[in-house]
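Participant: Quick one: structure below, then a few questions.
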Amino acid sequence: MATNTTTQSQTAKAPFPPFQGETFPSQLFWLVICFVALYVLLSRVALPRLSHAIENRQSRIAGDLETASRLRNESEAAQASYEKALADARAKAQALASESQAKAAAEAEAQRKQLEDGLKAKLEAAEKQIASTKSAAMSNVRGIAVDTAGLIVERLTGKTPAKQSVERAVDAALH
Amino acid sequence: MAADPIAQFQIKKIVTLGHIGPYEIALTNSAVFMIAAVVVIVGGILAATRGQTLIPGRFQSIAEITYEFVAGTVRSTAGNEGMKFFPLVFSLFTFILVLNMFGMIPGFFTVMSHIAITGALAALVILTVIIYGLYKNGFKFFKLFWPSGVPLFVMPLIVVIEILSFLSRPLSLSVRLFANMLAGHITLKVFASFIGLLATALGVAGWAVGILPFGMLIALTALELLVAFLQAYVFTILTCLYLNDAIHPGH
């Protein structure tokens with residue numbers, strides 16, 4: 001403010017400062033020099049450096065994000081494969097267990113059947129023996145009965161009956 | 001103390017350097033601040049990017065935020081093609097912003113309060129638009145004055161309006177910036193001189209009453225800081241819009 005008072009007497013007479021034509025050449029001269037210098041320095045030196053710094057950071061951030069997502073994918077894949085291995089192992093174990101169970105059951109069944117067959121055969125043989133023994137015994141009984149009946153008739157009547165008629169009578173009685 | 005509110009805009013010669021034809025070329029207070037602005041902008045960015053770090057420091061952050069801000073403005077208004085004008089737009093924005101902010105420091109000269117400077121910058125923008133528009137689009141550049149989808153019978157009127165609006169662009173661009181800075185600084189000066197006037201006229205009571213214009217001065221200073229930024233931004237975004245016309249004429 002203090003410096004302004006010295007020029008006040010001049011400005012009172014002079015026109016409004018922004019319209020003082022005699023100052024225009026100097027103003028424009030310096031504007032051209034300064035603005036051209038500013039433009040050249042900014043476009044050639046300063047702005048490329050600035051954009052370089054910004055791009056560096058952006059590419060670094062993008063790279064970091066990419067690495068992070070890649071690592072995440074890898075860990076997810078690892079977990080998936082681990083889970084798959086676990087499921088496989090479980091399925092395998094289950095299959096093995098059921099297989100051995102089926103095998104054991106089949107073996108037991110076979111053994112049982114074999115045993116059953118053996119017993120059945122023995123039973124049949126025994127039954128056959130019983131039947132043959134029975135028929136043999138029955139034929140012995142007929143002979144004894146015919147002889148006995150002939151002797152009884154002879155003792156009672158004193159006559160020897162015909163063997164044929166005795167046999168017929170015994171058969172009729174036995175059956 | 002009761003300084004003339006206009007005196008702050010006086011261009012003062014420091015050294016006369018010589019003459020180009022009849023015109024005197026001198027190093028002036030205005031020139032000193034323009035040189036200082038160039039040094040501050042370029043030096044600031046170079047200092048900010050010297051030790052480029054992944055996590056930016058305070059100054060690198062400021063430089064990068066300004067860069068992203070201007071780049072975002074250019075991209076959103078003029079598209080990716082407009083990015084070839086990014087150095088020009090960035091230069092305009094930082095030049096006007098830094099000079100306006102210098103103006104907010106008491107005792108500093110406000111370069112943008114001179115119509116010669118704002119007019120030259122506006123002329124630079126408009127000439128860039130016209131030259132690039134003609135170079136890139138040839139005769140199609142004049143489709144700018146021939147909007148599509150307008151009924152033919154109103155076309156003459158529309159064309160006249162479009163041409164007038166195009167011609168008024170350099171005027172509005174330069175006068176808006178110049179007048180805003182000028183008016184703001186005159187207002188500041190007037191309110192500041194009220195304090196001095198009251199103090200000399202009323203003595204101790206004047207100092208007490210002087211609190212009122214002082215409070216007003218503080219509020220106005222805050223407003224002027226906003227205006228200083230806003231006018232730089234308005235100049236920048238209008239530049240981008242006009243460049244967009246040069247890149248994509250015919251709306």
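Every number here is computed from the coordinates shown, using simple stated rules; none is lab data. The shown structure was predicted, so the numbers you read here are calculated from the model rather than taken from an experiment. Don't worry about glycine lacking a Cβ; one is built from the backbone with ideal geometry, like all the others, and counts go over all protein chains shown.
Participant: Between A:Ala106 and A:Ile144, what FRET efficiency comes out of the Förster formula 1/(1 + (r/R0)^6) with R0 = 45 Å and r the beta carbon distance, rounded to 0.05?
Facilitator: Working: r = 56 Å, r/R0 = 1.25.
Here the calculated transfer efficiency is 0.20.
Participant: Still on this structure: Set the Förster distance to 22 Å, then compute FRET efficiency between B:Leu241 and B:Leu167 from the Cβ-Cβ distance, nearest 0.05. Can you show the working numbers first?
Facilitator: Values: r = 16 Å, r/R0 = 0.72.
E(calc), rounded to 0.05, equals 0.85.
Participant: I've got another one for you. Please arrange B:Lys13, A:Lys103 by how many other C-beta atoms lie within 10 Å of their C-beta, fewest to most. Don't skip to the answer; put the middle values down first.
Facilitator: On the way: B:Lys13 14, A:Lys103 10.
Ascending number of Cβ neighbours within 10 Å: A:Lys103, B:Lys13.
Participant: Once amide H atoms are placed 1.01 Å from N in the peptide plane, what residues at a sequence separation of 5 or more from B:Ala26, or on another chain, have their amide H within under 5 Å of its amide H?
Facilitator: The answer is A:Ser26, B:Leu17.
Participant: Pairs of lysines 8 or more apart, or on different chains, with alpha carbons under 25 Å: count those in region A:107-168, would you? Walk me through the intermediate numbers first.
Facilitator: Working: A:Lys113/A:Lys122; A:Lys113/A:Lys128; A:Lys120/A:Lys128; A:Lys120/A:Lys134; A:Lys122/A:Lys134; A:Lys134/A:Lys163.
The number of close lysine pairs in region A:107-168 is 6.
Participant: While we're on this one: Determine the dipole magnitude for chain B: charges of +1 sit on the beta-carbon of Lys and Arg, -1 on that of Asp and Glu, nothing else is charged, the reference point is the Cα centre, and the result goes in debye to the nearest 20. List each step's numbers first, then the result.
Facilitator: Working: 12 positive and 8 negative charges, 56 e Å.
I would put it at about 260 debye.
Participant: Suppose R0 equals 56 Å; then what is the FRET efficiency for B:Ile130 and B:Ala208 from their Cβ-Cβ distance, rounded to the nearest 0.05?
Facilitator: Numbers: r = 58 Å, r/R0 = 1.04.
Step by step, r from the Cβ atoms, then E = 0.45.
Participant: Now for a different question. Cut-off is 10 Å between beta-carbons; in what order do B:Phe85, B:Phe69 appear when sorted fewest neighbours first?
Facilitator: On the way: B:Phe85 22, B:Phe69 14.
Ordered from fewest to most neighbouring Cβ atoms within 10 Å, B:Phe85, B:Phe69 come out as B:Phe69, B:Phe85.
Participant: Something else: How high is the relative contact order of chain B, in percent, counting Cα pairs under 8 Å that sit 6 or more residues apart? Walk me through the numbers on the way to the answer.
Facilitator: Working: 265 pairs, mean separation 67.6, N = 251.
Normalised by residue count, the contact order of chain B is 27 percent.
Participant: Right, next: With only Lys, Arg, Asp and Glu charged, each at its Cβ (+1 for the first two, -1 for the last two), find how big the charge dipole of the protein assembly as shown is about the Cα centre; round to the nearest 20 debye. It would help to have the intermediate numbers written out before the result.
Facilitator: Working: 34 positive and 27 negative charges, 91 e Å.
The dipole magnitude comes to about 440 debye.
Participant: For the residue pair A:Ser69 and B:Phe153, what label-to-label distance in nm results when each label sits 7 Å from Cα along the Cα-to-beta-carbon direction?
Facilitator: Using points 7 Å along Cα→Cβ, the separation is 5.9 nm.
Participant: Determine ³J(HN,Hα), in whole Hz, for all residues of region B:59-74 in sequence, where each value follows from phi through the Karplus function 6.51 cos²θ - 1.76 cosθ + 1.60 and θ = phi - 60°; x replaces Gly and Pro.
Facilitator: Each residue's phi maps through the Karplus curve to give 6, 4, 4, 4, 4, 5, 5, 4, 4, 5, 5, 5, 4, x, 4, 4 Hz.
Participant: Still on this model: Give, in whole angstrom and from largest to smallest, the semi-axes √(5λ) of the equivalent ellipsoid of the protein assembly as shown, with λ running over the eigenvalues of the Cα gyration tensor.
Facilitator: Working: eigenvalues 3131, 161, 98 Å².
Each semi-axis is the square root of five times an eigenvalue, giving 125, 28, 22 Å.
Participant: So, in nm, how far is label B:Leu46 from label A:Gln79 when the simple model puts each one 7 Å beyond its Cα toward the Cβ?
Facilitator: 5.3 nm
Participant: Just going by the charge dipole of chain A, with Lys and Arg at +1 and Asp and Glu at -1 on Cβ, which of A:Ile61, A:Ala162, A:Phe29 is farthest out on the positive end?
Facilitator: A:Ala162
Participant: What is the dipole size for region A:43-175, taken about its Cα centre, with +1 at each Lys and Arg Cβ and -1 at each Asp and Glu Cβ, in debye to the nearest 20? Spell out each step's value before the answer.
Facilitator: Values: 21 positive and 18 negative charges, 25 e Å.
Computed charge dipole of region A:43-175: roughly 120 debye.
Participant: Still on this structure, please answer the following. Name the residue from A:His52, A:Ser81, A:Leu151 whose Cα lies farthest towards the positive end of the charge dipole of chain A, charges +1 on Cβ of Lys and Arg and -1 on Cβ of Asp and Glu.
Facilitator: Looking along the dipole axis, the top candidate is A:Leu151.
Participant: What list do you get for B:His248, B:His114 if you sort them by fewest beta carbons within 10 Å?
Facilitator: Details: B:His248 17, B:His114 25.
In increasing order of surrounding Cβ atoms, one gets B:His248, B:His114.
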